[in-house]
Amino acid sequence: MHQKQRQMSETFRLGALLTVVGGFLDTYTYLSRGGVFANAQTGNIVLLALSLAQGNYEMLLHYLIPILAFAAGVMVTDMVRAHFRPRPAIHWRQLIVAAEFLILLMVAYVPSGRWDAAVNVAVSFVCAMQVEAFRKMKGSAYASTMCIGNLRSGTAAFSMYLRDKRPEQLRQSLYYFGIILFFAIGAGIGGNLSMRYGIHMIWVSVGCLLVSFFMMFFE
């Protein structure tokens with residue numbers, strides 16, 4: 001029986017590359033752009049609540065604005081999907097990756113300091129677009145910019161494998177754990193390069209997105 005070709009956007013190799021970008025951006029914004037997470041909005045919400053509890057009201061917008069930017073990114077991606085999905089000339093996910101590339105390309109030229117808040121808005125927006133657009137890998141749900149859902153899914157698949165001994169369950173768990181590993185690799189690279197060489201290291205993420213864009217021309 002002929003096996004249906006899977007879209008490149010759902011393959012492990014593309015998911016791994018995008019996950020490296022997700023991990024990189026989290027440490028990049030936290031270390032180089034004012035202590036805000038680009039992906040981990042749970043962390044921003046915790047920091048927001050702590051600021052509120054401590055009466056540190058001047059920091060509220062510092063954490064709230066990236067959260068709102070993330071929500072806006074999800075909404076815009078949903079609108080792009082609805083508008084361009086019926087048009088086969090170019091895959092709508094490629095448009096999302098192209099938009100991510102262009103936004104981060106502009107961020108690379110923004111100096112640190114007074115414009116960090118704007119950069120965090122832009123990067124959070126990018127991360128939201130990515131996590132909303134790339135939600136499946138090998139037919140299963142995953143997240144390319146955060147780990148908690150992948151950890152849950154990978155552990156659940158491994159638990160089912162221990163019970164049922166089905167090879168596909170083990171493979172599925174390894175895919176999830178692999179994505180977590182690539183996120184950690186991206187975060188480690190992003191942290192190391194950001195501390196050593198500063199804000200211009202976002203070029204690494206720009207390059208990864210460019211590769212991802214061209215990879216999606218293939219099945």
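At-a-glance table
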| read-out | value |
| --- | --- |
| Count of residues meeting criterion [within 17 Å of the chain's Cα centre (by Cα) and either touching a residue at least 24 places away in the same chain (Cβ under 8 Å) or within 16 Å of Tyr28 (Cα to Cα) (or both)] in segment 109-135 | 16 |
| Enumerated helices (runs of 4 or more DSSP H) restricted to segment 1-105, each holding at least 2 residues that are in contact with a Cys (Cβ under 8 Å, 6 or more places away or on another chain) | 12-32, 60-84 |
| Test for Val119: is it in a loop (DSSP other than H, G, I, E, B), open to solvent by less than 60 Å² (accessible area, probe 1.4 Å) and aliphatic (A, V, I, L, M) | no |
| Near pairs, Cβ below 7 angstrom, 6+ apart or cross-chain, from segment 76-94 (without any contact (Cβ under 8 Å) to a residue 12 or more places away in the chain and surrounded by fewer than 16 Cβ atoms within 10 Å (Cβ to Cβ)) to any residue that is part of a helix (DSSP H, G or I) and of a type outside the set (Lys, Arg) | Arg85/Trp92 |
| Residue under evaluation Met106, criteria (1) farther than 19 Å from Cys208 by Cα; (2) without any contact (Cβ under 8 Å) to a residue 24 or more places away in the chain; (3) aliphatic (A, V, I, L, M), criterion not met | (1) |
| Neighbours by Cβ (under 9 Å, 6+ apart or cross-chain): first from segment 44-59, surrounded by 10 or more Cβ atoms within 10 Å (Cβ to Cβ); second modelled with pLDDT under 90 and part of a loop (DSSP other than H, G, I, E, B) | Asn44/Val36; Asn44/Phe37; Leu47/Gly35; Leu47/Val36; Leu47/Phe37; Leu50/Asn56 |
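Quick grid of which residues meet (1) surrounded by fewer than 15 Cβ atoms within 10 Å (Cβ to Cβ); (2) touching a residue at least 40 places away in the same chain (Cβ under 8 Å); (3) under 19 Å from Ala16 (Cβ atoms):
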position	(1), (2), (3)
Met137	no, yes, yes
Cys147	no, no, yes
Met160	no, no, no
Arg163	yes, no, no
Ile189	no, yes, yes
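The values are calculated or read from the model by the stated rules, or taken from the named source; none is laboratory data. Because the structure is a prediction, the values reported are computed rather than measured. Note: ideal-geometry Cβ built from the backbone for every residue, glycine included; neighbour counts use all protein chains shown. The protein model used for the area step is the full one, side chains on, heavy atoms only, and it has no ligands, DNA or RNA in it. Shrake-Rupley method; radii C 1.70, N 1.55, O 1.52, S 1.80 Å.
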